[in-house]
Amino acid sequence: MLAFLGFLTVALMLLLIITKRLTPTVALIAVPLVTGAAACAFLVTNPEAAPGQVDFWANIKSLGGMITGAGGIGSVAATGVMFLFSILFFGILTDAGAFRPIIRGIIHAMGTNPILITLGTALLAMCVHLDGSGAVTFLICVPPLVPLYDAVGMKRTTLASTVAMAAGTMNILPWGGPTIRAATALGMGEDPVGFFLPVLPAVLAGLGGVLGFAALLGLWEKRRIGKVALSAAGYQEESLTPEEQALLRPKLFWVNIGLIVLAIASLLFSGFAPAVVFMVFYVLATVINYPNVAQSKARVDAHAQSAMMMCSVLFAAGCFCGIMKGSGMIDAMASSLVSVMPASLGRFFPVITGIISMPSSLAFDPDSFYYGVLPILGETAKGFGVDPAAVGRAAILGQMTTGFPISPLSPATFLLVGLAGVDLGEHQKRTIPFAFGLTLVMLAVAVATGGVPL
């Protein structure tokens, strides 16, 4: 029953968000609350109770702890702080005009060809994601490119999809979270590079696929827009209102660029948590650009709505994750998936795992999948003479790699859609086919090259 409720929770939530019946914030809170309450009728949480006895009201009371505990809101609190101060930091620099000369330079270099813009976006995201952090990639890549996409008339969903594909494929690198988890779960944690190398050709093919899909998105945009007569006017100061003109700080351009470079370097190399980095650099950006208290307060007020929206969705996601984990629904889903697979398919476990890996990102967080489902799949495959490592390599081709930037279980997904200003449902509808396609391309290459043997 817990497994059924878990699958029902995920299906209802995705349906309500994609069809726009509920906002993501409401769906992420309301659906798991209802199904979590139903799950309380099946949880034996009182060790002193008689065998099989369920204390329903005690279980209901435990929902609060699931939501606020380490597996729920507690797991996203630091990310929420990062969201808040990153929005304020980039918002202040945008108000000061720090990105306008940069975007004008990009337009001059690439013109207004949507194909070149999407290809450049993909290459930028690939380079930035070398550090393996989706949040950092989205924070660095998305805010400077939103004005460019708006000026050319390209959809922001195209920006979000392109960045998501690039970051997701790069997330397979051996220092990425999914690969380390998979190697550890299968007893190869001391050598994640050795675990990863057999699928290197597949990942390279996946990166080529990202560029191909990015070019396709650019071609679609070019056909939709027609001949772009743009609009470097979109970056001329005359197009600004007097109030916006007054906020510009052209004399501080290089100072602000220095702040951005230092912030990025700190994110990548300082060892400080992203929340701490953005808190510090928000203060610096404010003091340098708008030292007047009234101006500083006005800048916070100007960006409060977007900050509130992003943080509310993030904490709602914490509610969802907390109930799903705390109620045992995720564990039950994992066990049920394994139990329904016929033993005759044992030798095909690697390929089957690869096929379901990306879609499973919508239902399982990486810890539950790699530490819960993967070891069972690996041991089952071993009984049929299949190397468990092959199952793990197939899994990393999609599970919270190409799948992480569209998963409601990934806080980075909400950061991406929030920074791009797109609806989660629209982002998922646009990106899921491409993400699944990339997984299938990499799986086919991995099978052909022996990284995932049949």
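The values are calculated or read from the model by the stated rules, or taken from the named source; none is laboratory data. Remember, predicted model here, so these are calculated numbers, not experimental data. Reconstructed Cβ throughout: ideal geometry from the backbone, glycine too, with neighbour counts over all protein chains shown. The protein model used for the area step is the full one, side chains on, heavy atoms only, and it has no ligands, DNA or RNA in it. Shrake-Rupley method; radii C 1.70, N 1.55, O 1.52, S 1.80 Å.
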Quiz item: If you find the alpha carbon centre of segment 388-454 and of segment 294-343, how far apart are they in angstrom?
Solution: 18
Exercise. Compute the projected area of the convex hull of the Cα atoms of segment 261-320, averaged over all viewing directions, and report it in nm² to one decimal place.
Key: 5.2
Self-check item: In Å², nearest 10: area of Trp175 left accessible to a 1.4 Å probe
Solution: 140
Practice problem: Any chance you could list the semi-axes, whole Å, largest first, of the equivalent ellipsoid that the Cα gyration tensor gives for segment 318-454, using √(5λ)? | Solution: 27, 19, 10
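Given R₀ = 30 Å, FRET efficiency for Ala78-Ala304 by Cβ-Cβ distance, to 0.05?
Details: r = 20 Å, r/R0 = 0.68.
For Ala78 and Ala304, the calculated efficiency is 0.90.
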Practice problem: Kindly express, to the nearest 10 degrees and within the range 0 to 90, the angle between helix 293-326's C-alpha long axis and the longest C-alpha principal axis of the chain. | Solution: 10
Quiz item: What residue among Ile117, Leu88, Ile396 has its Cα farthest toward the positive end of the dipole of the chain, where the charges are +1 on Lys, Arg and -1 on Asp, Glu, each on the Cβ?
Solution: Ile117
Quiz item: Radius of gyration and Dmax for segment 118-167's Cα atoms, expressed in Å?
Solution: 10.0, 31
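Need the full-extension length gain, Val261 to Leu216, defined as separation in residues times 0.36 nm minus the C-alpha distance. One decimal, nm. Each step should come with its number before you reach the end.
Numbers: separation 45, 0.36 × 45 = 16.20 nm, distance 3.15 nm.
Full extension from Val261 to Leu216 adds 13.0 nm.
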Quiz prompt | ³J(HN,Hα), Karplus 6.51/-1.76/1.60, whole Hz, each residue of segment 433-449, x for Gly, Pro | solution = x, 5, 5, 5, x, 4, 4, 5, 4, 5, 5, 4, 5, 4, 5, 5, 9
Quiz item: What residue among Cys311, Tyr149, Val76 has its Cα farthest toward the positive end of the dipole of the chain, where the charges are +1 on Lys, Arg and -1 on Asp, Glu, each on the Cβ?
Solution: Tyr149
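Want the number for Ile225 to Leu130: 0.36 nm per residue separation, take away the alpha-carbon distance, what's left? Could you put the intermediate results ahead of the total?
Numbers: separation 95, 0.36 × 95 = 34.20 nm, distance 3.27 nm.
That pair, Ile225 and Leu130, stretches by 30.9 nm at full extension.
Need one number: convex hull volume per residue for the chain, Cα atoms only, in Å³. Walk me through the numbers on the way to the answer.
Details: hull volume 70.7 nm³, N = 454.
In the chain, the Cα hull volume divided by residue count equals 156 Å³.
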Self-check item: Radius of gyration, Dmax [segment 270-388; alpha carbons; angstrom]
Solution: 23.1, 72
Self-check item: Per residue Cα convex hull volume in Å³ - calculated over segment 119-223
Solution: 85
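Which length gain, in nm to one decimal place, applies between Asp367 and Val26 when the Cα-Cα distance is subtracted from 0.36 nm times their residue separation?
Going from the current span to full extension adds 120.2 nm.
How big is the dipole moment of segment 239-392 about its Cα centre under a simple scheme where the beta carbon of each Lys and Arg is +1, that of each Asp and Glu is -1, and everything else is neutral? Debye, nearest 20, please.
Numbers: 7 positive and 8 negative charges, 61 e Å.
Using only the charged Cβ atoms, the result is roughly 300 debye.
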Practice problem: With label points built 7 Å along Cα→Cβ from the Cα atoms of Trp254 and Ala58, find their separation and express it in nm. | Solution: 6.9
Practice problem: Starting from the Cα of Ala37, step 7 Å along the direction of its Cβ; do the same at Leu454; then give the gap between the two resulting points in nm. | Solution: 5.1
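Taking the Cα centre of the chain as origin, work out the dipole magnitude from +1 charges on Lys and Arg Cβ and -1 charges on Asp and Glu Cβ, in debye rounded to 20. Mind dumping the intermediate values first?
Working: 22 positive and 20 negative charges, 187 e Å.
The dipole of the chain has a size of about 900 debye.
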Practice problem: Between Leu440 and Asn113, with labels modelled 7 Å along Cα→Cβ, what's the label distance in nm to one decimal, could you check? | Solution: 2.9
